[in-house]
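First the structure, in the form of structure tokens, and then the observations on it.
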Amino acid sequence: MTKSLDIVSDVVGNAVYKDLIKETAVAVEDGNPIATVFLQSKEVPVMVSQMLNLGEKTGRFDEILDKLANFYSREVDNMVSNLVSLLEPMVMVLMGIAVGILVAAIILPMYNLAASL
């Protein structure tokens, strides 16, 4: 288990989580459950640490990790879709302003030319 935690800590890009996983590997070597470091950490959401603790106690650690991955995958998808739906009107307004400026830049010189004749 400690070898797999070491591999995971090398793969994780976030330095905070990397240190947390390394602490977990040391705690597991000392005979503590995996979830102890996660339960004490303020960086890890409470739900994640409680789910890890539950998975360790029930012996279904892989299923719990799979459910957590699916949950956070859906959360990220929802956040991205919400962000896109918020950005869409702003992009449309900016495009309208740009088209208005372009039209004004083309038509105003024509009117000025026609008025000077």
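The values are calculated or read from the model by the stated rules, or taken from the named source; none is laboratory data. Quick caveat: nothing in here was measured; it's all calculated off a predicted structure. Note that we place each Cβ from the backbone using ideal geometry, even for glycine, and neighbour counts take in every protein chain shown.
At-a-glance table
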{"quantity": "Test: residue in the stretch 79-97 that is out of contact with any Asp or Glu (no Cβ under 9 Å at 6 or more places or on another chain) and not in a helix (DSSP H, G or I)", "calculated": "no"}
{"quantity": "Candidates L102, L113, filtered to the one that is exposed (fewer than 10 other Cβ atoms within 10 Å of the Cβ) and either in a helix (DSSP H, G or I) or out of contact with any helix residue (DSSP H, G or I) (no Cβ under 7 Å at 6 or more places or on another chain) (or both)", "calculated": "L113"}
{"quantity": "Pair list, Cβ < 6 Å and 6+ apart or interchain, from the stretch 1-14 residues that are under 17 Å from G31 (Cβ atoms) to residues that are among the polar types (S, T, N, Q)", "calculated": "L5/T24"}
{"quantity": "Checking N78 against (1) surrounded by 10 or more Cβ atoms within 10 Å (Cβ to Cβ); (2) of a type outside the set (A, V, I, L, M); (3) at positive phi, the condition it does not meet", "calculated": "(3)"}
{"quantity": "Qualifying residue in the stretch 73-92 (condition: polar (S, T, N, Q), closer than 30 Å to M1 by Cβ and either at pLDDT 90 or above or out of contact with any strand residue (DSSP E or B) (no Cβ under 8 Å at 6 or more places or on another chain) (or both))", "calculated": "yes"}
{"quantity": "Matching residues, the stretch 1-51, being loosely packed, with under 15 Cβ neighbours inside 10 Å, β-branched (V, I, T) and closer than 19 Å to K67 by Cβ", "calculated": "V46"}
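Let's see how each residue does on (1) of a type outside the set (K, R); (2) touching a helix residue (DSSP H, G or I) at 6+ places or on another chain (Cβ under 9 Å); (3) at pLDDT 90 or above:
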| position | (1), (2), (3) |
| --- | --- |
| T2 | yes, yes, no |
| D6 | yes, yes, no |
| D19 | yes, yes, yes |
| K22 | no, yes, yes |
| V26 | yes, yes, yes |
| E29 | yes, yes, yes |
| I34 | yes, yes, no |
| E43 | yes, yes, no |
